[in-house]
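A short worksheet on the structure shown next.
The values are calculated or read from the model by the stated rules, or taken from the named source; none is laboratory data. For clarity, every value in this text was computed on a predicted model and none was experimentally measured. Here the Cβ positions follow ideal geometry from the backbone for every residue, glycine too, while neighbour counts run over all protein chains shown. Side chains included, ligands, DNA and RNA excluded: accessible areas come from the protein's heavy atoms. Shrake-Rupley method; radii C 1.70, N 1.55, O 1.52, S 1.80 Å.
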Amino acid sequence: MTERPLLLLDVDGPLNPFGARLWPPRGYVTRRVHPTVWSARQKPGSRRLRRGLRIRLNPAHGQRLLALPYDLAWATTWMHDANEMIGPVIGLPADLPVIEFTDMFARDPDGLYWKTRRVLEWAAGRPFVWVDDMITDLDVRHVARHHDTPALLLRIDPRRGLGEPEFEELERWARSVSDQLSDPI
Ligand SMILES: [Mg+2]
């Protein structure tokens, strides 16, 4: 049996559509949380820090994601907090693998998104889809040149988040990859 592709998940943008203009988007719930990286960037003692970061999540997303033929992993500044603060709200297991980033927000010499090189390294040659709101064409080209198995970088509009078109695309892509990889040429 062929190994399933990875589905690498960003939180802000795809799961938390922070740019949505109509609040709350249908099907979403609101939470206030204190993710480690966000908290470290707030002014100590500020009201904002006390109140926490407001996020919107769709509790139906976990089931939809788990039904897809992928192995899920977190690729987010939330890192391990995603398992603790995001997974339980949307119905994902609390022990998904986490890509650890050490140089968060660092400027890349070639203008790549700061996550891209680490994502590639972590995927270690496995086919993957990466959903994130910050991916650019530079990242797409870099991955195409440096990854030997199929990879899809799916840029998500942070005003809409992960939606039906993306779920359909994820299903389609997994099917096409499994056909490709089982083709004995
Ligand atoms: Mg994001």
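Taking the Cα centre of the range 1-111 as origin, work out the dipole magnitude from +1 charges on Lys and Arg Cβ and -1 charges on Asp and Glu Cβ, in debye rounded to 20.
Details: 15 positive and 11 negative charges, 226 e Å.
With only Lys, Arg, Asp and Glu charged at Cβ, the dipole is about 1080 debye.
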- Expressed in square angstrom to the nearest 10, the accessible area of ASP103 with a 1.4 Å probe stands at 110
- Message: Out of the total accessible area of the range 51-110 (probe 1.4 Å, heavy atoms of protein only), what percent is carbon and sulfur?
- Response: 49
- Task: On a C-alpha basis, how far is the centre of the range 30-84 from the centre of the range 121-164 in Å? Whole number, if you could?
- Result: 20
- What per residue convex hull volume, in Å³, do the alpha-carbon atoms of the range 1-99 yield? 100
- Around LEU6, which amide H atoms from residues at least 5 apart in sequence, or from another chain, sit under 5 Å from its own amide H, with H modelled in the peptide plane? ASP71, PHE128, VAL129
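So if the hydrodynamic radius of the chain is defined as the Kirkwood radius over C-alpha pairs, what does Stokes-Einstein give as its diffusion coefficient at 37 °C and 0.692 mPa s, in µm² per second? Write down the numbers at each step before the final one.
Details: Rh = 17.3 Å.
It diffuses with D of about 190 µm²/s by this estimate.
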- Query: In nm, to one decimal, how far is the modelled label at ARG31 from the one at ASP137, with both set 7 Å along Cα→Cβ?
  - Reply: 3.7
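Give the Kirkwood hydrodynamic radius (Å, one decimal) of the range 126-185, defined as one over the mean of 1/r across all pairs of different Cα atoms.
Values: mean 1/r = 0.0793 Å⁻¹.
So the Kirkwood estimate lands at 12.6 Å.
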- Any idea of VAL143's accessible area? Nearest 10 Å², probe 1.4 Å. 10
- Counting only DSSP beta bridges with both residues in the range 1-147, tell me the antiparallel percent, nearest 5. 35
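Mind ranking ARG118, ARG175, ARG107, ARG54 by accessible surface for me, highest first, 1.4 Å probe?
On the way: ARG118 70, ARG175 145, ARG107 225, ARG54 115 Å².
Result, largest first: ARG107, ARG175, ARG54, ARG118.
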- Task: Keeping every protein chain in place, order LYS43, LYS115 by accessible area at 1.4 Å, biggest value first, i.e. largest first.
- Result: LYS43, LYS115
- Item | Average accessible surface area per residue within the range 34-119, 1.4 Å rolling probe, Å² | 53
- Message: What are the ³J(HN,Hα) couplings of the range 134-140, residue after residue, when phi is run through the Karplus curve with 6.51, -1.76, 1.60 and θ = phi - 60°? Round to Hz, x for glycine and proline.
- Response: 10, 5, 10, 4, 4, 5, 4
- Leaving ligands, DNA and RNA out of it, work out the accessible area of THR102 with a 1.4 Å probe and give it in Å² to the nearest 10. 130
- Quick calc: nm separation of the 7 Å Cα→Cβ label points for ASP110 and HIS80 -> 3.2
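Once fully extended, how much extra length lies between SER176 and ASP148, figured as 0.36 nm per residue of separation less the alpha-carbon to alpha-carbon distance? Show your work: numbers first, answer last.
On the way: separation 28, 0.36 × 28 = 10.08 nm, distance 1.61 nm.
Gain on stretching SER176 to ASP148: 8.5 nm.
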